[in-house]
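Visitor: The structure is given below, and queries will be raised subsequently.
The values are calculated or read from the model by the stated rules, or taken from the named source; none is laboratory data. If you're wondering where the values come from, they're calculated on a predicted model, not measured in any experiment. Cβ atoms come from the backbone with ideal geometry, glycine included; neighbour counts cover every protein chain shown. Only protein heavy atoms, including side chains, enter the accessible area calculation; ligands, DNA and RNA are left aside. Shrake-Rupley method; radii C 1.70, N 1.55, O 1.52, S 1.80 Å.
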Amino acid sequence: MKWVCWGEDDVSAESSTEFPDRLSLMEVRLQAQEDEITLLKSSLADALRKLRLHDQQIPLLKQQLIAGKRFVKGITLPLALTRAIQSLSLEDALPESIQFIDETPIKLRGEEGDAFEEEMGKDQTWSSIVEESIQPTTIRTLQQQQSKSSEDSQGSCPQTPTSSSPAPPKEPASSPHGGPLSSIREGEKMLCSIKMFIRGRPITMYIPSNILNYEELRMDLPSQKLELDWVYGYRGRDCRANLYLLPSGEAVYFIACVVVLYHISNQTQRHYQKHTDCVRCLAIHPDKVRVASGQTAGVDKDGKPLQPIVHIWDSKTLVTLQQIGLGTFERGVGAVAFSSSDAGTFLCVIDDSNEHMLSVWDWNKNIKHTEVKNTNEAVLAVDFSPTDTNNIISCGKSHVYFWTMSAGTLTKKQGIFGKYKKPKFVLCFVFSLTGDVLTGDSEGNILTWGKSTFQIMKQTRAHEGSVFTMCVLQGGAILSGGGKDRKIIRWSADLAPERECEIPEKFGAVRTIADVDGEELLVGTTRNAILRGTFSDGFVAIVQGHVDEMWGLATHHTQNIFLTCGNDRQVCVWNAEDHKLDWCTTLESDPSEIILISVVSVGLSTGRWVVLDLQTKEVVSDLTDGNEQLSVMRYSPDGSFLAVGSHDNFIYIYNVTEGGRRYTRFGKCTGHSSFITHLDWSKDGKYVMSNSGDYEILYWDVASGCKLLRNRFESKDRKWASYTCVLGFHVMGVWLEGSDGTDINALCRSHSESMVAVADDFCKVHLFQYPCPKPKAPSYKYEGHGSHVTNVRFTHNDSHLLSMGGKDTCILQWRVKGAGTGDHKEHLASSSSVCSSSSSPENGT
C-alpha cells in the first residue's frame, strides 16, 4: 500500500491524485523486475555450482561405474540411473537420499553400519526412486520403494505407488540422529522428502525421522487464539482533524485499520476493528457518543481494488450502526462531518476521486440526498455551519468554497481573496461564536471571512510557516497550532494573542488540538505522537510511535519488553506491561534489524552494526561487515555467538564475550547466491539454518569453522532454538498455493513450540499450529494492519504476540488466549477439538 504524505509545511503531494497512482504502478513494476533479476542471478549461480560439481565428480563417477564398483552388499544400481549419472550433473542425477562416501559408491543417508548391512544383505535390489505429485504445481514427494522382482534389477521401473496404506513396519531401529529408523521391506514405501516450488524453483524439505507416515498427518487449527490487547502509535503524519475527547474521558484517534479509544486517566484502550483498510478521517456526532470513520479503498491480495466506506458506530458499545457509501466513493474517504443544528441528522463526505465528490447523506436511513463535483485540487477539510445545516464549508489547495444546499441541490461560491495574497493551501477552518469563518493557511495567517459576503474581513498573522489546525474553546477563545514554529497560541474571540507555548522539536509540528477542560489540551503531532499538557506546565507524550516504515522487532528473553527500529533511524524500547515507550535513540543511518539480550544489537543499512547498553543507552561496540544492508541478526542460545546475515550473501559469525560487550570475528559462512533473509541457531548452538532471497535453505556447522553442510539430509532431525526461517519442513504449510516467495515476510514459533505466527504481505497476521508441514493448513487470521506486516514475535512467556506494520507505522500487541499456551508440542496431533470463535479461520485455499 502506498500512502500520499504531506510535509510539515506544504501538502503539495496531494495536488494531483493521478500522480500517486502512477507512481505506485511504477513501483510495483520495478519490484517485479527486481525479483526477476534476483531469480535469474540465483539460477545462474546454481548452474555454475552444478558445472563445478560436474567437473569435479563425474570423472570419478564414471571410473567407478566402468570399473564395476556399483555394488553395495548385493545392491545394484538400475541401468537407467547409471546412464543418468553419466549424462547429468551430480545434483540432478542422484536422488537426494543417496550420496557417495569415499570409495563406497552408494549409501543411504542417515543409515549407517550394521543397521544398513543387516537390512540390505538379503539379495534385495534397488528398483527406482519415484517422484509422485501430491499437490499440483507446488508440492512433490520423493518416495523410496523396494521390490523383489528380478526384472527390476535389469532397469525396469515399478508402477507409481498408490495411496493405499503401507504394510506395517518392522520394529524401528535406533537412528543415529535420534529418531526412529523405519525398516525397508518388500512392498513398503517411505516418504523421504518434499519438494516445494516457488516461482519455478524447487525447494527440498526432508521429513524428520519421527514422522512415519507423512500422508496421514492431520493439520488442525491451533488451540490458541489472539485478541487485540494494545495499539502503539498514532497517524498524525499525513492526516488531520483526527483526535477528539469523549465525555467518557477517552481520546479517540486512529492508526492503520483500528480506531483507538484510549482512557487517559485509567490508561486503558478499547478498539473499533470493523474497518478493512486504513482509516483516514474521523467525525464526532453532536451527542458525543456516535462516531463516523472513513477508510481508504485499498486492494485485495490479488491486487484488485476494494471499495471505500464510512462506518457510523456507537463509542460506548462499539456496535456498528450504519455503513454508507459502499460502491459510491472512489479510492478513499478524505473527510467527513456531522451536521449540528439538526441534532446530527446529516453526514457530509468528500472522497478521494479526481473530482473529490462531495455528498450529503441521511446516515440513519442510508440515503444520499445530494452529490456534486467539488474540485480537481486537494480537499483537506469540510464541515456544516453550526447554525444552518444547509450551509457547508470546504477548503484545500488555493480555495475556500461556501456551499448552499437547497431542494436536494448543492451550489457553491468561491471565497474571494481580493487584495490579500492567495495562499497555496487553506489547511483548516473553524466557526467563531459570531458565525464568522476563520481559516488557517500555508502562509501562517488566520483569515476572517464574513458569513454572508464570502469575503475576507480581517487578516491576522499567526505563525511562522503553516497554520495546521484551529480549535474553538467553550468561552469563544481560539487555539491555533503551527507547523514550522511548533507553537500553540491561545487567542481571544477577537484574535488578540493571549498565551503561547512551543512543543519539543522531537515531536514535530502541531497536527491537531483537542480541548480537555479549557486549560488542559491534547495535541496530535506530525511525528505520530499525542501530547497532554497545559500552557504553564508544558506537554508530555502519552502516545508515541515510529514515523517511517518499520522492519526490526525483538523481544527480551526474560522480561516483558521489546524493541523496534525502522527507516526513521529510531531504536525504541517498549514496555509490554505498561504499554509505554521506555526510551528511544536516533542512529546515524537506517536500522534494518535488531536483537535483544542484556544489550541491544542493531544492524544498519550500510553494513555497520552497533551494540547498545540496555540500561545506559550507550554504544558499547561498533563494527562493520561489508557495505550492504544487514538483514538479520541472531544470538546463539547461550549468547556466546552472534550471527549477522547481510545483503552481500554472507553470514558473519562473532564470538561474544564480556556479557555481550566484546565481539571478535569467528568466521564467515559463504555459499548463498542471494542476500540472507532469515536464520536460526540449533539448540546446542553449533549449527545455523538460513534462508536467502532466492528461496534457498542452507545449513552451517559453525563449531567446525562455519562449514556449509552439503548433505542437508543430516539436518532433518536437528532441534532449533528458534524458528523464524520462512522456508523449512516444519513451516511449509503456512505457504498458500501460488505464493511468489515474497508473500510471507516473517514468522515466529512460540517458545512452547505449539504455534507459529505469520506476517504476510496482505496486512494479515496468521496463527498456525506448529509443526505445520502440510499444504493448505488451516489458520486463524487477524486484521488490523493497513500495510504489509513486516515482523512478528512472541514475548518471552508466550503471553502476547507483537506484530509490526510497514508503512502504517503501527505496532499491535495481541493477547494469546486458549489452552496449551505453555505446553510443549513434540509431535503433530492426529485430531483435536476446536472451540468456536469470532476469529476468522482460513483454510489455506
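Visitor: Is it true that some residue in region 473-492 is within 39 Å of the chain's Cα centre (by Cα), among the small types (Gly, Ala, Ser) and farther than 19 Å from Phe425 by Cα?
Guide: no
Visitor: Give me the residue from region 611-634 that is open to solvent by less than 30 Å² (accessible area, probe 1.4 Å) and in a loop (DSSP other than H, G, I, E, B) and, out of that set, nearest to His647 (Cα to Cα).
Guide: Looking at the filtered set, the residue picked out is Asp625.
Visitor: Okay, next question. Kindly indicate which of Lys686, Lys707 is free of Cβ contacts under 8 Å to residues at least 24 places away in the same chain, within 26 Å of Ser43 (Cβ to Cβ) and basic (Lys, Arg).
Guide: Checking each option against the conditions leaves just Lys707.
Visitor: Among the numbered conditions (1) surrounded by fewer than 19 Cβ atoms within 10 Å (Cβ to Cβ); (2) farther than 21 Å from Thr809 by Cα, tell me where Lys274 comes up short.
Guide: (2) is the only condition that Lys274 fails.
Visitor: Follow-up question, since we're still on this one. Does region 342-356 contain any residue that is in contact with a Cys (Cβ under 8 Å, 6 or more places away or on another chain) and assigned to a strand (DSSP E or B)? Steps first, please.
Guide: Filtering region 342-356 for residues in contact with a Cys (Cβ under 8 Å, 6 or more places away or on another chain) gives none.
Taking every residue of region 342-356 in turn, none turns out to be in contact with a Cys (Cβ under 8 Å, 6 or more places away or on another chain) and assigned to a strand (DSSP E or B).
Per-residue answers, yes or no, for (1) in contact with a helix residue (DSSP H, G or I) (Cβ under 7 Å, 6 or more places away or on another chain); (2) open to solvent by 50 Å² or more (accessible area, probe 1.4 Å); (3) in a loop (DSSP other than H, G, I, E, B); (4) hydroxyl-bearing (Ser, Thr, Tyr):
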position	(1), (2), (3), (4)
Arg665	no, yes, no, no
Ser674	yes, no, yes, yes
Leu679	no, no, no, no
Val688	no, no, no, no
Asn691	no, no, no, no
Ser704	no, yes, yes, yes
Arg710	no, yes, yes, no
Asp717	no, no, yes, no
Cys725	no, no, yes, no
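Visitor: Would you say Arg280 is at pLDDT 95 or above, outside any loop (DSSP other than H, G, I, E, B) and within 22 Å of the chain's Cα centre (by Cα)?
Guide: Yes.
Visitor: Does any residue in region 458-484 that is in contact (Cβ under 8 Å) with a residue 24 or more places away in the chain and on the phi > 0 side of the Ramachandran plot come within less than 6 Å, Cβ to Cβ, of a residue that is of a type in the set (A, V, I, L, M, F, W, C) and surrounded by fewer than 24 Cβ atoms within 10 Å (Cβ to Cβ) six or more places away or on a different chain, and which pairs are these?
Guide: Between residues of region 458-484 that are in contact (Cβ under 8 Å) with a residue 24 or more places away in the chain and on the phi > 0 side of the Ramachandran plot and residues that are of a type in the set (A, V, I, L, M, F, W, C) and surrounded by fewer than 24 Cβ atoms within 10 Å (Cβ to Cβ), the close pairs are Gly476/Leu433; Gly476/Ala493.
Visitor: Taking region 209-227 as the region of interest, how many residues are basic (Lys, Arg) and open to solvent by less than 50 Å² (accessible area, probe 1.4 Å)?
Guide: Here is the first cut: in region 209-227, the ones basic (Lys, Arg) are 218, 225.
From what is left, the residues that are open to solvent by less than 50 Å² (accessible area, probe 1.4 Å) are 225.
Residues that pass the stated criteria total 1.
Visitor: Run Val258 past the list (1) open to solvent by 10 Å² or more (accessible area, probe 1.4 Å); (2) under 23 Å from the mean Cα position of the chain (by Cα) and report the number of the one that doesn't hold.
Guide: (1)
Visitor: Follow-up. Report, by residue number, each residue of region 386-408 that is over 19 Å from Asp351 (Cβ atoms) and part of a strand (DSSP E or B).
Guide: Result: Asn391, Val400, Phe402, Thr404, Ser406.
Visitor: Residues that are under 22 Å from Phe402 (Cα atoms), hydroxyl-bearing (Ser, Thr, Tyr) and either surrounded by 21 or more Cβ atoms within 10 Å (Cβ to Cβ) or in contact (Cβ under 8 Å) with a residue 40 or more places away in the chain (or both): does region 312-334 have at least one?
Guide: No: region 312-334 contains no residue that is under 22 Å from Phe402 (Cα atoms), hydroxyl-bearing (Ser, Thr, Tyr) and either surrounded by 21 or more Cβ atoms within 10 Å (Cβ to Cβ) or in contact (Cβ under 8 Å) with a residue 40 or more places away in the chain (or both).
Residue by residue, here is whether (1) modelled with pLDDT under 95; (2) aromatic (Phe, Trp, Tyr); (3) open to solvent by less than 50 Å² (accessible area, probe 1.4 Å) holds:
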residue: Thr387; (1), (2), (3): yes, no, no
residue: Tyr401; (1), (2), (3): no, yes, yes
residue: Ala407; (1), (2), (3): yes, no, no
residue: Gly418; (1), (2), (3): yes, no, no
residue: Gly444; (1), (2), (3): no, no, yes
residue: Thr453; (1), (2), (3): yes, no, no
residue: Arg461; (1), (2), (3): no, no, no
residue: Val467; (1), (2), (3): no, no, yes
residue: Met470; (1), (2), (3): no, no, yes
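Visitor: Within region 491-502, can one find any residue that is in contact with a Leu (Cβ under 6 Å, 6 or more places away or on another chain) and surrounded by 17 or more Cβ atoms within 10 Å (Cβ to Cβ)?
Guide: No.
Visitor: If you go through region 202-234, how many residues are within 30 Å of Gln269 (Cα to Cα) and hydrophobic (A, V, I, L, M, F, W, C)?
Guide: Residues flagged as within 30 Å of Gln269 (Cα to Cα) and hydrophobic (A, V, I, L, M, F, W, C) within region 202-234 amount to 5.
Visitor: Still on this model: Answer with yes or no whether His766 is more than 20 Å from Arg201 (Cα to Cα), open to solvent by 10 Å² or more (accessible area, probe 1.4 Å), part of a strand (DSSP E or B) and in contact with a strand residue (DSSP E or B) (Cβ under 8 Å, 6 or more places away or on another chain).
Guide: It is true that His766 is more than 20 Å from Arg201 (Cα to Cα), open to solvent by 10 Å² or more (accessible area, probe 1.4 Å), part of a strand (DSSP E or B) and in contact with a strand residue (DSSP E or B) (Cβ under 8 Å, 6 or more places away or on another chain).
Visitor: Just give me the residues in region 790-799 being closer than 12 Å to Val816 by Cα and either open to solvent by 30 Å² or more (accessible area, probe 1.4 Å) or among the β-branched types (Val, Ile, Thr) (or both), in sequence order.
Guide: The answer is Thr795, Asn797, Ser799.
Visitor: Here is a further query. Among the numbered conditions (1) under 43 Å from the mean Cα position of the chain (by Cα); (2) modelled with pLDDT of 95 or more; (3) not basic (Lys, Arg), tell me where Pro497 comes up short.
Guide: Evaluating Pro497 over (1) under 43 Å from the mean Cα position of the chain (by Cα); (2) modelled with pLDDT of 95 or more; (3) not basic (Lys, Arg) leaves (1) as the failure.
Visitor: Of the numbered conditions (1) open to solvent by 10 Å² or more (accessible area, probe 1.4 Å); (2) of a type outside the set (Asp, Glu); (3) at pLDDT 85 or above; (4) over 22 Å from Thr38 (Cα atoms), Ser598 fails exactly one; give the number of that condition.
Guide: (3)
Visitor: For region 289-300, what are the residues that are surrounded by 14 or more Cβ atoms within 10 Å (Cβ to Cβ) and assigned to a loop (DSSP other than H, G, I, E, B)?
Guide: Within region 289-300, Val289, Ala297, Gly298 qualify.
Visitor: Here's something else I'd like to know. Residue by residue through region 463-480, note down the ones that are in contact with a Gly (Cβ under 9 Å, 6 or more places away or on another chain) and under 30 Å from Asn390 (Cβ atoms).
Guide: Let us first name the residues in region 463-480 that are in contact with a Gly (Cβ under 9 Å, 6 or more places away or on another chain), namely 463-471, 473-475, 477, 480.
The answer is Val467, Phe468, Thr469, Met470, Cys471, Leu473, Gln474, Gly475, Ala477, Ser480.
Visitor: Anything in region 778-789 that is of a type outside the set (Asp, Glu) and either open to solvent by 10 Å² or more (accessible area, probe 1.4 Å) or modelled with pLDDT under 95 (or both)? List them, or say none.
Guide: If the condition is that a residue be of a type outside the set (Asp, Glu) and either open to solvent by 10 Å² or more (accessible area, probe 1.4 Å) or modelled with pLDDT under 95 (or both), then Pro778, Lys781, Tyr782, Gly786, Ser787, His788 are the ones that fit.
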